[in-house]
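Structure first, then comments.
The values are calculated or read from the model by the stated rules, or taken from the named source; none is laboratory data. Only a predicted model underlies this, so the values are computations on that prediction, with no experimental measurement involved. With ideal geometry, Cβ positions are generated from the backbone for all residues, glycine too; neighbour counts draw on all protein chains shown. These area figures cover heavy atoms from the full protein model, side chains too; ligands, DNA and RNA do not enter into them. Shrake-Rupley method; radii C 1.70, N 1.55, O 1.52, S 1.80 Å.
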Amino acid sequence: MNALTSHHRQWCGQFENIIGRDWQPVNRIEDIPFVHVGLFKRINLLTQAPDSKQVRTVLSSSTSGTSSRVTLDENSSKLQALSSEAILADF
C-alpha cells in the first residue's frame, strides 16, 4: 500500500494535493491516506505515469445524480475484467 500510495502521489497532482507533499510511508494500514468515495464524483483522480496507458473510464450508476469516474490503466482493466468474470461465474 505504501508503494501504491507513493506511485499515485507522484503521478496524480490531485491526489498529492489531498494527502500532501510531505506524506511518508507508514507502518500501519490505518495510517494509509483515506480518500472518500465522494471525491470520485467531484474531481478526476487520474494517475498519469509515463509507463501507464489509460484504456477506459468506469462510471457509477449515478443513483445520486452524479456519476463517479474511475479511470483504469491497462493492467487494472485486465484485473477488473478477471475479477468480474470470477464473480459472475458463480451465477
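Quick one: count up the residues across segment 62-88 that are charged (D, E, K, R) and either part of a loop (DSSP other than H, G, I, E, B) or surrounded by 14 or more Cβ atoms within 10 Å (Cβ to Cβ) (or both). Break it down stepwise before answering.
Of the residues in segment 62-88, the ones charged (D, E, K, R) are 69, 73-74, 78, 85.
When the remaining residues are screened for being either part of a loop (DSSP other than H, G, I, E, B) or surrounded by 14 or more Cβ atoms within 10 Å (Cβ to Cβ) (or both), the result is 69, 73.
Residues flagged as charged (D, E, K, R) and either part of a loop (DSSP other than H, G, I, E, B) or surrounded by 14 or more Cβ atoms within 10 Å (Cβ to Cβ) (or both) within segment 62-88 amount to 2.
Out of curiosity, is Gln54 open to solvent by 50 Å² or more (accessible area, probe 1.4 Å) and modelled with pLDDT of 95 or more? Talk me through it step by step, then tell me what you get.
Numbers: open to solvent by 50 Å² or more (accessible area, probe 1.4 Å): yes; modelled with pLDDT of 95 or more: no.
Spelling it out, it is not the case that Gln54 is open to solvent by 50 Å² or more (accessible area, probe 1.4 Å) and modelled with pLDDT of 95 or more.
Here Ala3 meets each of (1) outside any loop (DSSP other than H, G, I, E, B); (2) touching a His at 6+ places or on another chain (Cβ under 8 Å); (3) among the aliphatic types (A, V, I, L, M) with one exception, condition (2). If you go through segment 19-41 and pick out every residue that is more than 11 Å from the chain's Cα centre (by Cα), open to solvent by 60 Å² or more (accessible area, probe 1.4 Å) and touching a residue at least 24 places away in the same chain (Cβ under 8 Å), you end up with 2.
Just give me the residues in segment 47-72 being of a type in the set (S, T, N, Q) and touching a Leu at 6+ places or on another chain (Cβ under 6 Å), in sequence order. Write out each step before concluding.
Taking segment 47-72 as the starting set, the residues that turn out to be of a type in the set (S, T, N, Q) are 47-48, 52, 54, 57, 60-64, 66-68, 71.
Ser67, Thr71, listed by residue number.
So which pairs qualify, if the first residue must be in segment 64-90 and closer than 19 Å to Gln54 by Cβ, the second must be surrounded by 12 or more Cβ atoms within 10 Å (Cβ to Cβ) and aromatic (Phe, Trp, Tyr), the Cβ gap must be under 7 Å, and the two must be at least 6 apart or on different chains? Short answer, once both residue conditions are applied: Ser68/Phe40; Arg69/Phe40; Val70/Phe40. For segment 48-61, the set of residues classified as in contact with a Lys or Arg (Cβ under 9 Å, 6 or more places away or on another chain) and either touching a residue at least 60 places away in the same chain (Cβ under 8 Å) or part of a loop (DSSP other than H, G, I, E, B) (or both) consists of Ser60 only. Among the residues of segment 20-46, those identified as assigned to a helix (DSSP H, G or I) and over 24 Å from Ser60 (Cα atoms) are Ile29, Glu30, Asp31.
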